[in-house]
Amino acid sequence: MAGRLRAVIFGRQGAGKGTQSARLSAHYGAPHISTGDMLRAAVSEGTEFGRKADEYMRGGNLVPDDVMIGVVRERLAKPDAVEGGFLLDGFPRTLGQSEALLDITGDDGIDVVIDLDVPLDVVTARMKGRGRADDTDEAIARRLELYEKETGPVLAWFERRGKLVTVDGVGTEEEVFARLSAAVDRRLGQR
Ligand code: ADP
């Protein structure tokens, strides 16, 4: 099917990834699969898995690769993803997860890896503007630094495989969505 989308989206905190993911998911009919949302759901359900995940998340740590890979493998096997494709958000976060993803989907099983790019100073200003209690200057800088450390090698890995498309995330919601869907359509047209 020409329109079916199988994609991964990356973006710094404050880049607008949540909003744009919801729109992309609706536009392409592909489920938005956010590992952060899945983990938070498990935590609030209080399952054994949720309790374990909660410990890692509270400590500011990543959930171990083998666990996360199992979770995503199962999720991608569900009928909505098999039929409609997927927009993965929050996974992969490590090189081990990246390799596992291509192992699950096959080399041709990912159409595009999107980097929704908003410069550091812009996202910093946006987050300060939210005025949330946990948005101290230090906390913001630390979260962004962690993102860079974690995501840099993963983005480079996908770039080497010809999957990465960087989309300018500065603009109105409409402008950014138009850029994203144009970039995605170009990729889907090349398949
Ligand atoms: P954030 O972007 O603020 O880290 P997320 O909602 O993406 O928020 O993830 C929240 C937490 O869930 C992470 O800090 C991490 O502990 C855990 N997590 C989410 N996705 C993954 C993943 N792919 N691998 C390991 N841990 C993950």
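For the reader, a short list of remarks on this structure follows.
- Overall dimensions of segment 1-103, expressed as equivalent-ellipsoid semi-axes from the Cα gyration tensor (√(5λ), whole Å, largest first), are 23, 15, 14.
- Projecting the Cα atoms of Gly90, Ile114, Thr136 onto the charge dipole of segment 77-137 (Cβ charges, centred on the Cα centre) puts Thr136 farthest toward the positive pole.
- Residues of segment 58-99 falling in the label zone of Ala41, defined by backbone nitrogen less than 11 Å from a point 7 Å along Cα to beta-carbon, are 75.
- Taking the inverse of the mean 1/r over every pair of distinct Cα atoms in the chain gives a Kirkwood hydrodynamic radius of 17.3 Å.
- Its DSSP H runs of at least 4 residues, each contributing -39,500 (n - 2.57), put the calculated 222 nm mean residue ellipticity of the chain at -19000 deg cm²/dmol, to the nearest 500.
- Residues whose amide H falls under 5 Å from that of Ile33, counting only those 5 or more places apart or on a different chain, are Leu87, Leu88, Asp89, with hydrogens built in the peptide plane.
- A simple rule links phi to the HN-Hα coupling: the Karplus curve 6.51 cos²θ - 1.76 cosθ + 1.60 with θ = phi - 60°, which for segment 5-20 gives 10, 10, 9, 10, 10, 10, x, 4, 4, x, 7, x, 4, x, 4, 5 Hz, with x for Gly and Pro.
- Given +1 at the Cβ of Lys and Arg, -1 at the Cβ of Asp and Glu and no other charges, the dipole of the chain around its Cα centre is 180 debye to the nearest 20.
Laboratory data are not the source of any read-out in this text; all were calculated from the coordinates shown. Fair warning: this is a prediction, and the values are worked out from it, not measured in the lab. Positions of Cβ are generated from backbone atoms using ideal geometry, with glycine treated the same way; all protein chains shown enter the neighbour counts.
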